[in-house]
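Notes follow the structure.
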Amino acid sequence: MKKFIYLLSGLAMLATTSIASAATINGSVEIVGTMETKGTLPTATGINFKTSGVSDWDVDNAQGDLEPMLGANTINNTLKMYDFAFSDIAGTSIWEFNKNSHNFKFVTESISNVQTSNELSVTISGTLSSSNFDNTAAVFRFTTQLNSGEVKASFSSGTSSVVPVPAAAWLFGSALFGGAAIGRRKSLSSGKADKTA
């Protein structure tokens, strides 16, 4: 009966960790383009991404799971940049990528900005979603100077963890259960040896 309980506990742990296992989005991307502030620095209220066709936004560098974004831009409509206000509530779309079977969408959780009379720094924490992955925490940030021309915005998501936490927990749990079973068996066998002596 006790062997059955140990086996059942091990199977239950395996089942819960396989459900909790997530395919998060890991990677980074640099998006280059031109923008203007809503209002003037240091009291600007948001960002307008210039996507008129004359001035577009291009993916300059993409790594990891975001590598399919390389070559995307607003002119060929594989990349969409959405204007936003610094006061926008959580859930505001900032950018979206769609090409063949690959798609990513970044929405806000919080927007923070620091402004001087000639510089703007923006950090947006949010969630990156895709039909091919689980939702993943991500950060989109850029710094620009007044009349600086092109702006490089860097974006990163996920973690660089090699061993997922659920797998590590499963391995630790199995070792714990195995150690408990061996300890129990030794305790029972030493008890029997004492009684026979």
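The values are calculated or read from the model by the stated rules, or taken from the named source; none is laboratory data. Everything numeric here is computed off the predicted structure, so don't read it as measured data. FYI the Cβ positions are ideal-geometry reconstructions off the backbone, even for glycines, and counts take in every protein chain you see.
Only one of these conditions is not met by GLN115: (1) modelled with pLDDT of 90 or more; (2) on the phi > 0 side of the Ramachandran plot. Which number is it?
The failed condition is (2).
Within segment 64-74, does at least one residue satisfy the condition of being surrounded by fewer than 18 Cβ atoms within 10 Å (Cβ to Cβ), of a type in the set (A, V, I, L, M, F, W, C) and more than 23 Å from GLN145 (Cα to Cα)?
yes
Go through segment 83-104 and report how many residues are crowded, with 17+ Cβ neighbours inside 10 Å and of a type in the set (D, E, K, R).
Counting residues in segment 83-104 that are crowded, with 17+ Cβ neighbours inside 10 Å and of a type in the set (D, E, K, R) gives 1.
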